[in-house]
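What follows is a set of notes on a single structure, which appears directly below.
The values are calculated or read from the model by the stated rules, or taken from the named source; none is laboratory data. Keep in mind that what you see is a predicted model, and the values were worked out from it rather than measured. Heads up, the Cβs are rebuilt from the backbone with ideal geometry, glycines too, and the neighbour counts pull from every protein chain shown. Accessible surface areas use protein heavy atoms only, side chains included; no ligands, DNA or RNA. Shrake-Rupley method; radii C 1.70, N 1.55, O 1.52, S 1.80 Å.
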Amino acid sequence: MDARLIYKKLFLDEDLISSALSLCSANKKRFEKYKSYLLKGKSGKLNGLDALSKLAAVLYTLPEVYRNYVKKGIPAEVFFDTFSDIAIWCHNAYVQYGVNGLVNIHWIAKHLSMKIFRIGRLQYEFSRFAVLPHAGIKNVLKCPYRMGEKCITLHIPQGEKLDTDSCLYSLKSANAFFETFFPEYEYRCYTVITWLLNPDLVKVLGSDSNIVKFGKMFTLLGYVADSDMNERRVFGYKKDRANYVADNALRKYTLDRIKKGKPLYSYNGYRDKNI
């Protein structure tokens with residue numbers, strides 16, 4: 001597929017694409033080197049680049065990744081769903097830092113090296129099973145999975161409703177995806193680390209909440225303070241705390257904890273792949 005068509009189907013801004021590609025044209029040898037790093041999931045050499053140059057390196061690498069998908073037989077739909085993350089993180093870069101381009105190159109490098117795929121509503125990353133602090137000895141002993149064993153970690157892309165049926169369909173589709181395209185990767189469970197698993201949220205949002213229903217799909221296993229990330233997820237980037245508005249139950253709960261100096265936690269949970 002033509003590179004320009006790939007970029008267009010990812011709904012990236014035309015002017016931004018042109019500016020990024022002009023950088024590639026001016027120094028192709030340098031961007032060839034960046035491509036070799038990104039295809040391996042390595043982004044450290046790009047950390048010092050400005051946001052536009054980081055985006056340029058990603059765009060320069062994308063056609064090669066598309067060819068890798070084709071070789072593997074992975075449907076184009078999965079490719080474009082997976083790399084829709086570029087537009088999301090370009091938006092976040094502008095909102096958070098006021099720059100045009102891409103800041104979080106480490107995250108997108110995982111996509112380029114085919115370590116993360118979006119399948120329907122959720123993203124899936126090759127990973128290893130881990131336990132966060134405060135899991136409790138009873139929970140650890142009941143857990144049927146071993147530290148360090150292969151698993152698939154879930155991520156929840158921003159910008160869409162967390163519909164329960166969509167999530168369940170995504171999980172079912174993920175089983176088929178990995179069995180078809182990565183049969184050599186033997187794993188037993190899915191894991192997730194997110195504030196969405198907070199058990200207090202049932203009292204805040206009610207049992208019919210999509211967030212609460214999502215949390216109940218997993219068995220809890222530990223938590224860790226993650227206040228900055230959770231605050232951004234609830235109130236957005238670059239917001240002044242003085243201007244926070246408790247305009248719904250979730251924000252009221254979160255703001256109350258902030259005012260009282262209580263941490264906001266992220267929780268990890270697991271789910272057997274065959275459920």
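Could you compute the net charge surrounding Ser127? Neighbours are other residues with a C-beta less than 9 Å from the C-beta of Ser127; K and R count +1, D and E count -1. Before the final figure, lay out each step's value.
Values: positive: Lys115, Arg128, Lys150; negative: Glu125.
Around Ser127, the charge tally is +2.
Looking at the chain, what % of its DSSP beta bridges pair antiparallel, to the nearest 5?
Numbers: 21 of 24 bridges.
Of the beta bridges lying entirely in the chain, close to 90 percent run antiparallel.
Do any trypsin sites (Lys or Arg not before Pro) in the range 2-43 lie in a DSSP loop with no more than 13 other beta carbon atoms within 10 Å, and if so, which?
Values: sites: Arg4, Lys8, Lys9, Lys28, Lys29, Arg30, Lys33, Lys35, Lys40, Lys42; in loops: Lys40, Lys42.
Loop-located and lightly packed - Lys40.
With a 1.4 Å probe and all protein chains kept in place, how do Phe126, Phe31 rank by accessible area, largest first?
Working: Phe126 45, Phe31 0 Å².
Sorted descending by solvent-accessible area, the residues read Phe126, Phe31.
Expected output is a single nm value to one decimal: the length gained when fully extending between Ala26 and Leu168, i.e. 0.36 nm times separation in residues minus the C-alpha distance. What is it? If you can, show how the numbers build up before the last one.
Details: separation 142, 0.36 × 142 = 51.12 nm, distance 4.63 nm.
Separation in residues times 0.36 nm, less the Cα-Cα distance, equals 46.5 nm.
Considering only C-alpha atoms, what is the centroid distance from the range 129-179 to the range 233-260, in Å?
Spelled out, the Cα-based centre of one part sits 27 Å from the other.
If R₀ is 22 angstrom, what is the calculated FRET efficiency for the pair Lys138 and Lys203, using the beta carbon separation as r and rounding to 0.05? Intermediate values should be presented prior to the final figure.
Numbers: r = 23 Å, r/R0 = 1.04.
Efficiency computed from Cβ-Cβ geometry: 0.45.
Would you please classify the overall shape of the range 143-208 from the alpha carbon gyration tensor, given that a ≥ b ≥ c denote the square roots of the eigenvalues, rounded means a/c under 1.5, and beyond that prolate means a/b larger than b/c while oblate covers the rest?
Numbers: a/c = 2.66, a/b = 1.55, b/c = 1.72.
Because a/c hits 1.5 or more and a/b fails to exceed b/c, the range 143-208 counts as oblate.
Which residues make up the longest stretch of the chain clear of GluC sites (Glu not before Pro) that lie in a DSSP loop with no more than 16 other Cβ atoms within 10 Å, not counting the sites? Walk me through the intermediate numbers first.
Details: sites that count: Glu149, Glu160, Glu184, Glu186.
Between the exposed loop sites, the longest stretch runs 1-148.
Add -39500 (n - 2.57) for each DSSP H run of 4 or more in the chain, then divide by its residues: what number comes out at 222 nm, to the nearest 500 deg cm²/dmol?
Working: 13 runs with 136 residues, N = 275.
Rounded to the nearest 500, the figure is -14500 deg cm²/dmol.
Taking a point 7 angstrom from the Cα of Asp13 along the C-beta vector, which residues in the range 91-126 have backbone N less than 19 Å away?
Within reach of a label on Asp13, which here means backbone N under 19 Å from a point 7 Å along Cα→Cβ, the range 91-126 contributes 91-105.
Within a Cβ distance under 13 Å of Ser227, other residues only, what is the Lys/Arg minus Asp/Glu net charge? Display every interim value, and only then the final one.
Details: positive: Arg232, Arg233, Arg241, Arg257, Lys259, Lys260, Lys262; negative: Asp226, Asp228, Glu231.
Surrounding charge for Ser227 is +4.
Run the dipole for the range 103-227 about the Cα centre, Lys and Arg Cβ at +1, Asp and Glu Cβ at -1, nothing else charged, and hand back the magnitude in debye, nearest 20. List each step's numbers first, then the result.
Values: 15 positive and 11 negative charges, 48 e Å.
In total the dipole reaches around 220 debye.
Could you please report the charge total around Gly101, scoring K, R as +1 and D, E as -1 over all other residues with beta-carbon less than 11 angstrom from its beta-carbon?
Here the count lands on -1.
How many nm is it between the label spots at Asp272 and Ser36, if each spot is 7 Å from the Cα in line with the beta carbon?
According to this spin-label approximation, the distance is 4.7 nm.
Measure off, as a whole percent, the carbon and sulfur share of the 1.4 Å-probe accessible area of the chain, all protein chains present. Mind dumping the intermediate values first?
Numbers: 7440 of 14300 Å².
Within the chain, the accessible surface is 52 percent carbon and sulfur.
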